Number of protein chains: 2
Amino acid sequence: MQDNPKNSKTKLTELGEFKLIDHLTTNFNITQASTKLSIGDDAAVVRHQDNTLISTDLLVEGVHFDLAYMPLKHLGYKAVIVNLSDIYAMNAEATQITVSIACSNRFTVEALEEIYAGIQKACEIYNVDLVGGDTTSSVKGLQISVTAIGVAEEENIVKRSGAKPNELLVVSGDLGAAYMGLQVLKRENEVFKVNPNNQPDLSPYAYIIERQLKPEARKDIPELLEKLEVKPTSMIDISDGLSSEILHLCNSSKVGVKLFEEKIPLDPMVISSCEEFELDSTTIALSGGEDYELLFTIKQDDFPKIKANPNLSVIGHMTSEDVGKHIITRAEQQIPLVARGWSSIPEQE
Amino acid sequence: MQDNPKNSKTKLTELGEFKLIDHLTTNFNITQASTKLSIGDDAAVVRHQDNTLISTDLLVEGVHFDLAYMPLKHLGYKAVIVNLSDIYAMNAEATQITVSIACSNRFTVEALEEIYAGIQKACEIYNVDLVGGDTTSSVKGLQISVTAIGVAEEENIVKRSGAKPNELLVVSGDLGAAYMGLQVLKRENEVFKVNPNNQPDLSPYAYIIERQLKPEARKDIPELLEKLEVKPTSMIDISDGLSSEILHLCNSSKVGVKLFEEKIPLDPMVISSCEEFELDSTTIALSGGEDYELLFTIKQDDFPKIKANPNLSVIGHMTSEDVGKHIITRAEQQIPLVARGWSSIPEQE
């Protein structure tokens, strides 16, 4: 590779599969004491004194991401974040990941280096070790599979199934921004196709674009809750959309819910971009998805401990199962909560 | 779905993602005591007293399998086997798997049921629990990502790096059959394209076709070695081909090797099909690949314990690194071992 003139690209076939993985992972450090054996053998070895958590996700080009507006480095970063979020949603600490990438021959070694640079950045920031993985060919497009490994003491693990009636429903951060960021990126991409010389000024949309392209996982929330001495009774990652995940929590815990529209946390940029795109901000917050935030329930007694925290919003409370699952609108209408968006037809009809 | 007339197919969109996973995994049982939480939360929870092993693989339609001759149930089975083999290659016990599947809308619910039937069969036979996974859309084709979890005591784990000069090189089973099975299937597929009414008699090729379509992982080998009181000094799964994996073992252990061509175990059907296809059986055994067998090294003192075992063949011995890596042919020529096939050019030229 040293002989390549600058700016030339290296075909994947110029390195074999094994040399490629060595090459891509050469700068990764091992920092976790629980990592006993990393990349380079048939399997990785980790040693946890407590429970081990495992979560896996498969991201597919054209379905989960579009390389027209997703830089490769951000893609690598986001692929890790998506999985870490699932570990944090169990109130656990993420410790290791494995990454498998399949890509067609349109990708070069330099393209994979970009993806791995993003993976490495995420590993450093979130303090997880890359311990395994492979690269392989695909017939078409890029697929990334990440498995995240975590650790937690038995008594600290929070499942989806522990919510009880009268408990408070809490969400971290704010909602709808990742979806609105995607709308801006799609629109600019259409403009770019018509006039490639057009240099869009995306700075007014910085926050929502960053939420789409470089989301963060809420590693801080389990840490914060421990500091506040609050143990959630149930918890879930809401990247598939607030409404569907509230329903999951309700179904797993066999409870109902009252969600208050006015309590849903929205960034001002989400509100203004929804106006610009003529979209309903509540609908976007409920079902836009890709907000890597945590949704959890706490006992009413714990409310004083969290109420002043700007990272956390109480958005409703749980009820007995027979009361049903509803959103209470700003107009004080009670409407059934549905998985995708929310039905505007009142319950009695 | 109950209303569907028989033989009609169900589109994936008729069930949502979450109902689909519930539907596909409803018949799976949890049998491992170490499985604390299975499918249905953000992450699975396992509890191992010892070291946890993790291995992951991504199988891509058109690269790793061709649905023209791979039945979906076998594909599900094989996707599990491929990963379990990596756990056994660490001298460990496989305990759990997670499975992520991406597929295009040409696949029906019934097609996924077939894949999951194969996954379930493998879980039952190999005594592993399915603890996580998801299904998602792909733009084109089918991708399956499996992560296998295993457990082993620290002192039992066998890495690639422990081989020493003068130790014996041992392989389980016989080699080259999976590749020859694929050649037969490809040939019959070509015949079928020309004349779809042609019913080929594949029974003379039963063994090699089964090695391709329904391979088994060598769960029995770590168990056998324990019974024989033999601890391998190094071990590797050879599904990528005998020659490349011998080189991996040598490189990880910093040793050389002498491999004896005449000692490589071949099934008579591999020899006869190689003659039929005019292929060199040694080349096929060395680099055909997809033989889910284990390659390992043992101390010379352990030879009496394994020599009578029909599952194990001593195929060579390790040397100091400076002696190099060679195959000794039947004609007693010494030829450098290379990753793909083997060079027929003597070393001095």
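The values are calculated or read from the model by the stated rules, or taken from the named source; none is laboratory data. All figures in this text were calculated on a predicted structure; none of them were measured in a lab. All Cβ positions, glycine included, derive from the backbone under ideal geometry; neighbour counts span all protein chains shown.
Side notes on the structure shown:
Let's see how each residue does on (1) under 27 Å from A:Asp86 (Cβ atoms); (2) surrounded by fewer than 24 Cβ atoms within 10 Å (Cβ to Cβ); (3) touching a residue at least 60 places away in the same chain (Cβ under 8 Å):
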| position | (1), (2), (3) |
| --- | --- |
| B:Ile97 | yes, no, no |
| B:Ile115 | yes, no, no |
| B:Thr147 | yes, no, yes |
| B:Glu155 | no, yes, no |
| B:Pro165 | no, yes, yes |
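- Any hit, the range A:242-253, residues being in contact (Cβ under 8 Å) with a residue 40 or more places away in the chain, over 28 Å from A:Gly118 (Cα atoms), away from chain B (no Cβ under 14 Å) and of a type outside the set (Val, Ile, Thr): no
- Identity of the residue in the range B:38-69, aliphatic (A, V, I, L, M), in contact with a Lys or Arg (Cβ under 9 Å, 6 or more places away or on another chain) and facing chain A (nearest Cβ under 7 Å), that ends up surrounded by the most Cβ atoms within 10 Å (Cβ to Cβ): B:Ala44
- Test: residue in the range A:220-228 that is under 25 Å from A:Val270 (Cα atoms) and away from chain B (no Cβ under 14 Å): yes
- All positions within the range A:103-136 that are among the aliphatic types (A, V, I, L, M) and more than 28 Å from A:Ser34 (Cβ to Cβ): A:Val109, A:Ala111
- Residues within the range B:287-302 that are outside any loop (DSSP other than H, G, I, E, B), at pLDDT 95 or above and surrounded by 14 or more Cβ atoms within 10 Å (Cβ to Cβ), tallied: 6
- Top-ranked residue of the range A:229-242 - restricted to ones that are of a type in the set (Val, Ile, Thr) and in a loop (DSSP other than H, G, I, E, B), ranked as farthest from the chain's Cα centre (by Cα): A:Val230
- Residue check for A:Ile119: without any contact (Cβ under 8 Å) to a residue 12 or more places away in the chain, more than 13 Å from chain B (Cβ to nearest Cβ) and within 17 Å of A:Leu213 (Cβ to Cβ): no
- Number of residues in the range B:94-152 that are of a type outside the set (S, T, N, Q) and outside any helix (DSSP H, G or I): the value is 26.
- Qualifying position, being out of contact with any Pro (no Cβ under 8 Å at 6 or more places or on another chain), buried (at least 22 other Cβ atoms within 10 Å of the Cβ), in a helix (DSSP H, G or I) and among the acidic types (Asp, Glu), among B:Glu226, B:Glu245, B:Glu262, B:Glu275: B:Glu245
- Qualifying positions in the range B:27-37 - at pLDDT 90 or above, more than 7 Å from chain A (Cβ to nearest Cβ) and surrounded by fewer than 18 Cβ atoms within 10 Å (Cβ to Cβ): B:Phe28, B:Asn29, B:Ile30, B:Thr31, B:Ala33
- Of all residues in the range A:50-59, at least one satisfies being polar (S, T, N, Q), more than 27 Å from A:Ala178 (Cβ to Cβ) and assigned to a strand (DSSP E or B).
- Test for A:Lys78: is it outside any loop (DSSP other than H, G, I, E, B), without any contact (Cβ under 8 Å) to a residue 60 or more places away in the chain and among the basic types (Lys, Arg): no
- Take the conditions (1) at the interface with chain B (Cβ under 8 Å from one of its Cβ atoms); (2) of a type in the set (Asp, Glu); (3) closer than 19 Å to A:Asp291 by Cβ; A:Asp134 misses just one of them, which is (3).
- Residues that are among the hydrophobic types (A, V, I, L, M, F, W, C) and within 19 Å of A:Tyr179 (Cα to Cα) within the range A:192-208 comprise A:Leu202, A:Ala206, A:Ile208, listed in sequence order.
- Residue list for the range A:117-140, restricted to those being buried (at least 21 other Cβ atoms within 10 Å of the Cβ) and of a type in the set (Gly, Ala, Ser): A:Gly118, A:Ala122, A:Gly132, A:Gly133, A:Ser138
- Exclusive hit being among the hydroxyl-bearing types (Ser, Thr, Tyr) and in contact with a His (Cβ under 6 Å, 6 or more places away or on another chain), set B:Ser34, B:Ser38, B:Ser85: B:Ser34
- Selected residue (criterion: farthest from the chain's Cα centre (by Cα)) from residues of the range A:138-175 that are over 22 Å from B:Gly133 (Cα atoms) and at the interface with another protein chain (Cβ under 7 Å from one of its Cβ atoms): A:Val139
- Options A:Ile101, A:Ile125: the member that is more than 23 Å from B:Asp240 (Cβ to Cβ) and either of a type in the set (A, V, I, L, M) or touching a helix residue (DSSP H, G or I) at 6+ places or on another chain (Cβ under 8 Å) (or both): A:Ile125
- Flag for A:Ile271 being closer than 19 Å to A:Lys78 by Cβ, out of contact with any His (no Cβ under 7 Å at 6 or more places or on another chain) and not charged (D, E, K, R): no
- Condition check for B:Val82: over 23 Å from A:Met90 (Cβ atoms), surrounded by fewer than 18 Cβ atoms within 10 Å (Cβ to Cβ), within 12 Å of chain A (Cβ to nearest Cβ) and within 16 Å of the chain's Cα centre (by Cα): no
- Inclusion of A:Gly324 among residues that are small (Gly, Ala, Ser), within 13 Å of chain B (Cβ to nearest Cβ) and on the phi > 0 side of the Ramachandran plot is not warranted.
- Criterion (over 23 Å from the mean Cα position of the chain (by Cα), in contact (Cβ under 8 Å) with a residue 40 or more places away in the chain and on the phi < 0 side of the Ramachandran plot) met by exactly one of B:Lys258, B:Lys307: B:Lys258
- When the test is whether a residue is modelled with pLDDT of 95 or more and either at the interface with chain B (Cβ under 10 Å from one of its Cβ atoms) or over 27 Å from A:Glu223 (Cβ atoms) (or both), A:Ala94 passes it.
- In the range A:176-207, of all residues being among the aliphatic types (A, V, I, L, M) and surrounded by 13 or more Cβ atoms within 10 Å (Cβ to Cβ), the one that is farthest from the chain's Cα centre (by Cα) corresponds to A:Leu202.
- Count - residues of the range B:247-289 that are over 16 Å from B:Ile236 (Cβ atoms), touching a helix residue (DSSP H, G or I) at 6+ places or on another chain (Cβ under 6 Å) and polar (S, T, N, Q): 3
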